[in-house]
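Notes follow once the structure below has been shown.
Coordinate-derived values only; no laboratory data. Just so it is clear, the structure is predicted and the values come from calculations on it, not from any experiment. Backbone-built Cβ (ideal geometry, glycine too); neighbour counts: all protein chains shown.
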Amino acid sequence: MEDEVVYAGNVTVHNVVPEPIFIDASPIVTIKPLEEEEESLLPYEDISLIALVTMAEAEGECEDGKRLVIDAILNRMDSEHFPDNVYDVIYQRNQFSSIWNGRVDRCEVRDDICQLVEEELLSRTNTDVIFFTAGEYSKYGVPMFQLGNHYFSSYE
């Protein structure tokens, strides 16, 4: 098609019809096989509560330190000496200082910490850790080791 020029006062208008451009706008659908579908071992509410308390208790600690705090919560749930659900373990009286001193209210749930919780649910760094305190070993349990500012102990 030839370019047709139309004059309108001081403006020149080119009347050209461009060739159509075809774009494949079909939606891309990815189907995940059933065996690859990830299903969490705990509801998101529990994972996010563990992540929140982990931030409140171990925000300045290294990743392994955060994992061990997560493990202490999970190990308590598995222990006959503690409640068997996340909420009751975390809110058990005088157990996590960040709950009663208000620190938890100044923290937020972070995706990277939720990811650590998910990973620890699948494969724990330590299955014996039950207690941890900052600065010194707890008067409860059997001292195990120190990592960062936390001292970790087992139940017996």
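Sparsely packed loop sites in the range 82-156 (the trypsin sites (Lys or Arg not before Pro) outside DSSP H, G, I, E and B with at most 11 other Cβ atoms within 10 Å) comprise 93, 139. If you take all other residues with their beta carbon under 14 Å from the beta carbon of residue 52, and give Lys and Arg +1 and Asp and Glu -1, the sum is -4.
So what is log10(I(q)/I(0)) for the range 99-153 at q = 0.17, 0.29 1/Å, when the Debye sum runs over its Cα atoms only? Scattering profile of the range 99-153, log10 relative to I(0): -0.76, -1.02. Among the GluC sites (Glu not before Pro) within the range 61-145, those in coil by DSSP and having at most 13 neighbouring Cβ atoms inside 10 Å are 80, 108, 136. Summing Lys and Arg as +1 and Asp and Glu as -1 over all other residues whose Cβ lies under 11 Å from the Cβ of residue 134 gives a net charge of -3.
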